[in-house]
Amino acid sequence: MAESKHTHPNYIGVFVALGVLTGLELLVAFLPWSQMTRILILLALAVWKAAMVGLYYMHLRYEPGRMRWLAVAPLPLAVILVYVVTREFRW
Amino acid sequence: MAHAAALDHEDVMQPPPGCEPGAGVYNEKLGMWVFLGSEIMFFTALIGAYIILRVAHPSSFKEPGEVLAVSITAVNTFLLICSSVTMVKAFASVQDGNLAGLRKWLVATVVIGASFVGVQIYEYQHLIAKGFVPSEGLYGSTFYTMTGFHGFHVTIGVICLIFVTIKAFQGKYTASDHRGVEVVGLYWHFVDLVWIILFTIVYLI
Amino acid sequence: MGQILWCVSLIVLGLSSILGSFNYITTIVNMRAKGMHWMRLPLSIWCLFVTAILVLLAMPILSGAIIMLLFDQTLGTHFFGPAQGGQPLLWQHLFWFFGHPEVYILILPGMGFASDIIANASRKPIFGYTSMVIAILGIGVLGWIVWGHHMFMSGMNPTLGTTFMISTMLIAVPSAIKVFNWLGTMWMGNIRFHVPMLHSIAFVSMFVIGGLSGVFMASTPVDIYIHDTYFIVAHLHYVLFGGSLFAIFAAITFWYPKMFGRMMNPTLGKVHFWLTLIFYNCVFFPMHNLGLKGHMRRLYDPNQYEFLKGLQGLNTFISISAFLLFTVQLIFAVNFIMSWFNGKKASENPWEDNGLEWTVPSPPPHGNFASPPQVYRGPYEYSSPLVSEDFLPQDRQLPGDASPAAHHT
């Protein structure tokens with residue numbers, strides 16, 4: 001039975017936001033700031049974009065909460081691996 | 001037969017009936033998310049290695065724009081994001097029962113996705129001609145491995161999308177059963193998501 | 001060429017494991033029968049579930065590392081070769097980040113099978129079901145942050161050495177909890193010493209020995225001495241053979257009737273068990289001594305070292321026992337194959353077990369269940385005062401039980 005779901009999320013709005021964030025990234029990458037500042041801002045922007053794709057295009061915002069936990073579950077492992085091994089080269 | 005009855009249930013886009021509450025979504029969607037979990041770890045290995053090697057031996061790596069063409073890749077990034085939009089529009093169309101819209105947006109996704117791969121290949125040829133090859137130190141090694149596997153995943157995505165598009169043209173998807181569209185869509189958005197991270201880390205930092 | 005083929009085959013194998021694990025996870029999360037709440041799952045299923053998650057998340061790291069190795073060999077990349085800035089330590093970290101969850105992948109299913117079999121053979125509920133589940137989850141979580149203990153001698157950052165030492169000592173705790181619970185299950189039980197139970201008891205004892213030697217290794221200063229010696233070989237074989245393999249023998253014997261419709265021969269089973277246990281200990285226990293005396297691993301000819309010459313007698317004893325141990329396994333192989341044709345026909349529930357698999361014919365028909373089962377209780381209701389038999393299956397409805405379809409979690 002074709003039931004029309006709740007009104008769709010504003011996909012185009014998200015698209016515009018992604019475009020703006022990408023533009024910001026391009027700007028920040030070439031500004032004469034310190035490398036650490038640029039890295040932190042760029043990573044934050046990238047994570048924000050990724051979160052928007054995940055929440056709206058992959059519908060995590062509208063799925064049961066468990067699915068969101070499932071989606072982010074591997075991330076702490078990724079952080080642990082990369083952080084610990086970079087310590088190997090900075091001591 | 002118990003399992004045959006489970007397959008015939010009315011609303012296939014809901015969790016399987018007659019079972020204890022689980023993830024709250026139908027099996028195929030849960031399965032795709034679980035699979036994407038493993039993909040996150042796979043790209044962690046590749047991107048993680050890049051980050052680690054860069055911390056270990058920064059002199060092997062170049063500043064943004066020195067070797068890699070940021071502008072054309074930025075356009076490519078924009079293209080891939082567009083393909084995510086067309087994908088989600090395709091999904092929204094079939095949710096509303098608009099089968100013509102589904103077909104139109106799926107074709108658009110395939111075309112844009114294939115163009116992304118095309119631009120990447122063009123970029124690779126350009127870089128190789130300049131002498132920047134996989135054996136070109138740590139930079140070449142990590143760049144080609146990360147972007148190469150990403151491109152491989154995009155290519156697989158395009159192939160799967162072609163299958164789904166063909167099925168759409170055969171009228172196999174409806175508003176009440178479009179699991180294939182949703183599941184392939186999830187994979188496609190994931191591939192876009194990885195690129196968002198990759199583009200930032202590899203081209204801009 | 002051989003190295004390249006090895007890499008390619010491991011990638012294919014990894015992919016198959018990942019696909020299998022995603023099947024297990026989806027089924028366990030989304031397709032449990034009505035009334036089969038999470039805390040009513042048999043511990044074997046809990047263990048298989050956590051194992052599947054470990055496979056799902058750890059295998060891709062190995063795949064990535066092997067791909068990098070493959071590219072180093074074929075495309076001339078420089079991930080691990082120091083000449084152009086590559087880092088051998090990177091390989092080690094990536095490999096062991098997979099490698100440690102891998103050893104929990106190897107032991108957890110065995111722990112699950114042992115739990116089911118010990119409860120069944122003791123005719124008692126498993127002691128401390130909740131703490132067993134927490135221990136399984138604890139092993140699954142802690143297993144991700146101990147990988148450096150395989151690398152204490154690699155020249156890695158000493159601070160990392162300390163952190164890994166602490167986390168490794170912590171992870172002994174959940175395994176110990178499980179051991180105490182197995183003992184608690186057997187205590188004052190009406191024990192049936194059938195072949196699966198013999199193997200399960202051996203599993204618990206041998207695993208304890210392997211776990212104890214592991215505690216020595218967790219300590220970085222001690223590991224400096226025993227790393228790459230036979231002490232490590234002793235440890236890994238006590239947990240893998242004494243642990244996993246005995247549990248596998250137990251599980252094969254236990255579920256054989258369900259799979260093939262016939263029982264394995266119990267006499268051959270007992271002979272195989274006792275001879276295996278004896279020879280196995282003859283092979284691997286002396287390795288503790290060898291290791292403590294400094295005998296290195298992967299040594300072609302120990303006689304080139306003066307300090308190892310005195311150990312030749314022990315080495316010979318181990319070798320002879322090993323050949324005998326291997327020969328004894330033929331008894332198991334013969335039992336397995338012969339029982340397929342001549343074994344005593346098995347009923348639905350030859351072990352008088354509570355699990356759902358024992359409610360269907362042996363072997364099960366296509367689709368397993370004629371209609372979806374309903375579950376009313378956990379899987380370990382043995383010697384329940386509610387019924388006259390000493391077991392109470394999960395799907396048997398008693399007069400006081402509400403229908404599981406009626407209420408929602």
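The values are calculated or read from the model by the stated rules, or taken from the named source; none is laboratory data. Because the structure is predicted, anything quoted here is derived from the model rather than measured. Positions of Cβ are backbone-derived with ideal geometry, glycine not excepted, and every protein chain shown enters the neighbour counts.
Residues in the stretch B:170-193 that are at pLDDT 95 or above and of a type in the set (A, V, I, L, M, F, W, C) were compared, and the one that is surrounded by the fewest Cβ atoms within 10 Å (Cβ to Cβ) is B:VAL183. Take C:ILE11 and tell me if it is among the β-branched types (Val, Ile, Thr) and farther than 20 Å from B:GLU39 by Cβ. Considered against the rule, which asks whether it is among the β-branched types (Val, Ile, Thr) and farther than 20 Å from B:GLU39 by Cβ, C:ILE11 comes out as no.
Residue pairs whose Cβ atoms lie under 7 Å apart, separated by 6 or more positions or on different chains, with the first residue in the stretch B:80-98 and buried (at least 24 other Cβ atoms within 10 Å of the Cβ) and the second in a helix (DSSP H, G or I) and hydroxyl-bearing (Ser, Thr, Tyr), are B:SER83/B:THR109; B:SER84/A:TYR57; B:MET87/B:THR109; B:VAL88/A:TYR11; B:VAL88/A:TYR57; B:ALA90/B:THR109. Only one of the listed residues (B:ILE121, B:ILE196, B:ILE201, B:ILE112) is under 20 Å from the mean Cα position of the chain (by Cα), crowded, with 22+ Cβ neighbours inside 10 Å and either away from chain C (no Cβ under 14 Å) or more than 30 Å from B:TYR26 (Cβ to Cβ) (or both). That residue is B:ILE196.
Consider C:LEU56 carefully, then state whether it is within 14 Å of chain B (Cβ to nearest Cβ) and either surrounded by fewer than 23 Cβ atoms within 10 Å (Cβ to Cβ) or in contact (Cβ under 8 Å) with a residue 60 or more places away in the chain (or both). Don't jump to the end; show me each part of the working.
Details: within 14 Å of chain B (Cβ to nearest Cβ): yes; either surrounded by fewer than 23 Cβ atoms within 10 Å (Cβ to Cβ) or in contact (Cβ under 8 Å) with a residue 60 or more places away in the chain (or both): no.
So C:LEU56 fails the test.
Exactly one residue out of A:ALA78, A:ALA71 is in contact (Cβ under 8 Å) with a residue 12 or more places away in the chain, aliphatic (A, V, I, L, M) and within 24 Å of C:ILE145 (Cβ to Cβ), and it is A:ALA71.
None of B:GLU20, B:GLU28 is within 10 Å of chain C (Cβ to nearest Cβ) and surrounded by fewer than 20 Cβ atoms within 10 Å (Cβ to Cβ) except B:GLU28. Residues C:PRO365, C:PRO350: which one is out of contact with any Cys (no Cβ under 6 Å at 6 or more places or on another chain), over 30 Å from C:VAL133 (Cα atoms) and in a loop (DSSP other than H, G, I, E, B)? After ruling out the rest, the residue left standing is C:PRO365. Of all residues in the stretch A:53-75, exactly one satisfies the criterion of being more than 8 Å from chain B (Cβ to nearest Cβ), hydrophobic (A, V, I, L, M, F, W, C) and buried (at least 19 other Cβ atoms within 10 Å of the Cβ), namely A:LEU60.
Considering the stretch C:131-161, and only residues there that are out of contact with any helix residue (DSSP H, G or I) (no Cβ under 7 Å at 6 or more places or on another chain) and in contact (Cβ under 8 Å) with a residue 12 or more places away in the chain, the residue that is nearest to C:GLU381 (Cα to Cα) turns out to be C:ILE134.
A:PHE89 falls short on exactly one of the conditions (1) under 30 Å from C:ALA52 (Cβ atoms); (2) within 7 Å of chain B (Cβ to nearest Cβ); (3) among the aromatic types (Phe, Trp, Tyr), and that condition is (1).
Residues considered: B:VAL202, B:VAL94. Of these, the only one that is under 27 Å from A:THR22 (Cβ atoms) and assigned to a helix (DSSP H, G or I) is B:VAL202. For A:ALA44, the conditions (1) under 26 Å from B:VAL34 (Cβ atoms); (2) surrounded by fewer than 15 Cβ atoms within 10 Å (Cβ to Cβ) are fulfilled apart from (1).
What's the total number of residues in the stretch C:184-210 that are farther than 20 Å from C:PHE249 by Cα and in a helix (DSSP H, G or I)? Before the answer, list the steps.
Restricting attention to the stretch C:184-210, the residues satisfying the condition of being farther than 20 Å from C:PHE249 by Cα are C:184-185, C:187-190.
Next, only the ones that are in a helix (DSSP H, G or I) stay: C:184-185.
Number satisfying all stated conditions: 2.
Residues in the stretch C:26-53 that are under 15 Å from the mean Cα position of the chain (by Cα) and either in a loop (DSSP other than H, G, I, E, B) or among the polar types (S, T, N, Q) (or both) were compared, and the one that is nearest to the other protein chains (Cβ to nearest Cβ) is C:THR51. Under the condition of being facing another protein chain (nearest Cβ under 7 Å) and surrounded by fewer than 16 Cβ atoms within 10 Å (Cβ to Cβ), the residues counted in the stretch A:76-85 number 1. When restricted to residues that are over 20 Å from C:LEU240 (Cα atoms) and under 26 Å from the mean Cα position of the chain (by Cα), the stretch C:281-336 contains 4. Out of curiosity, is C:SER16 in a helix (DSSP H, G or I), within 17 Å of the chain's Cα centre (by Cα) and more than 7 Å from chain B (Cβ to nearest Cβ)? So C:SER16 fails the test. Of everything listed in (1) without any contact (Cβ under 8 Å) to a residue 24 or more places away in the chain; (2) at the interface with another protein chain (Cβ under 8 Å from one of its Cβ atoms); (3) part of a helix (DSSP H, G or I), the single unmet condition for B:ALA49 is (1).
Enumerate the pairs (first residue in the stretch B:14-28 and farther than 14 Å from C:GLY35 by Cβ; second residue anywhere and modelled with pLDDT under 90 and aliphatic (A, V, I, L, M)) with beta-carbon separation below 6 Å, excluding pairs fewer than 6 apart on the same chain, so at least 6 apart or on different chains. Listed pairs, sorted by first residue: B:PRO16/B:ALA6.
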